[in-house]
Amino acid sequence: MFETIQGEGAHTGIPSIFVRLQGCPVGCPWCDTKHTWTLEDALVTTAQAVIAKNEESEHYFDVNENELLALFEAQGYVAKHVVITGGEPCMYDLIPLTELLHNRGYTTQIETSGTFEVRCDPRTYVTVSPKINMKGGMEVLVSALERANEIKHPIAMQKHIDELDILLEKVSSLDGKQVCLQPISQQARATELAVKTCISRNWRLSLQTHKYIGIE
């Protein structure tokens, strides 16, 4: 849990509280948060220990939604946009948390792989980054794509765009949805391909600006 600036997608630049949930079975090879994959009781620690850490760790804390909101206040966070990410956050029922946050004046965003049903408040902005043919063998759900406000696809080569096209054919309508391409690991060739494709299709380019400017 930390306060920063949202670095990617349609909400780039917005001050945000990130809540990174533990556990993910998807298995993306390029994942930059592999420390969030494992769920084991032995890894549970205090909220204070997790908030204070200055390096990546598999340790996590366990609180309910009211206790989480109290932690925001105790930390003195001023951001009013909460990004629920992971790991794979949609492993969990996020309705109680997102409802509480909206009712307390926050906006919420979920970042998900689309491999689990999205259970959240109707006001929540859902970003689906569809993870296709990953090691975990999880299928991207059409229901998750339908719920998405934003479909943000990491790409390195034309194959990844072709895979996205196949997925988008299953969506009833893209009206009101942002489609973003995000170059994997800021690779030059991937960025060039993403820019070219976004222009030709009137999609949106998503850069991981937090990595360029060196913030969490």
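The values are calculated or read from the model by the stated rules, or taken from the named source; none is laboratory data. Values in this document were obtained by computation on a predicted structure and should not be read as measured data. Note: ideal-geometry Cβ built from the backbone for every residue, glycine included; neighbour counts use all protein chains shown. To get the accessible areas, we keep the full protein, side chains included, count just its heavy atoms, and leave off ligands, DNA and RNA. Shrake-Rupley method; radii C 1.70, N 1.55, O 1.52, S 1.80 Å.
With respect to the conditions (1) open to solvent by 50 Å² or more (accessible area, probe 1.4 Å); (2) in a helix (DSSP H, G or I); (3) touching a residue at least 40 places away in the same chain (Cβ under 8 Å), Phe72 falls short on a single one, namely (1).
Out of Val63, Val82, Val78, Val44, one residue alone is within 18 Å of the chain's Cα centre (by Cα) and either open to solvent by less than 80 Å² (accessible area, probe 1.4 Å) or in contact (Cβ under 8 Å) with a residue 24 or more places away in the chain (or both). It is Val82. Checking Thr127, Thr108, Thr115 one by one, the residue that is in contact with a Cys (Cβ under 8 Å, 6 or more places away or on another chain), closer than 23 Å to Gly87 by Cβ, among the hydroxyl-bearing types (Ser, Thr, Tyr) and not in a loop (DSSP other than H, G, I, E, B) is Thr108 and no other.
Being under 17 Å from Cys28 (Cα atoms) and not in a loop (DSSP other than H, G, I, E, B) is the requirement here; does Ser185 meet it?
Here the answer is yes, as Ser185 does meet what is asked.
For the range 147-182: of the residues being among the polar types (S, T, N, Q) and assigned to a strand (DSSP E or B), which is modelled with the lowest pLDDT? Among them, the one singled out is Gln182. Among residues of the range 189-216 that are closer than 22 Å to Asp165 by Cα and outside any loop (DSSP other than H, G, I, E, B), those with a Cβ under 8 angstrom from a residue that is of a type outside the set (A, V, I, L, M) and open to solvent by 40 Å² or more (accessible area, probe 1.4 Å), sequence gap 6+ or separate chain, pair up as Leu193/Gln158; Thr197/Trp203; Cys198/Arg204; Arg204/Gln178. Filter the range 175-192 down to residues that are hydrophobic (A, V, I, L, M, F, W, C) and out of contact with any helix residue (DSSP H, G or I) (no Cβ under 7 Å at 6 or more places or on another chain) and give me whichever is surrounded by the fewest Cβ atoms within 10 Å (Cβ to Cβ). Restricting to residues being hydrophobic (A, V, I, L, M, F, W, C) and out of contact with any helix residue (DSSP H, G or I) (no Cβ under 7 Å at 6 or more places or on another chain), the top hit is Ala188. Among the criteria (1) among the acidic types (Asp, Glu); (2) surrounded by 14 or more Cβ atoms within 10 Å (Cβ to Cβ); (3) not in a loop (DSSP other than H, G, I, E, B), the one Glu58 does not fulfil is (3).
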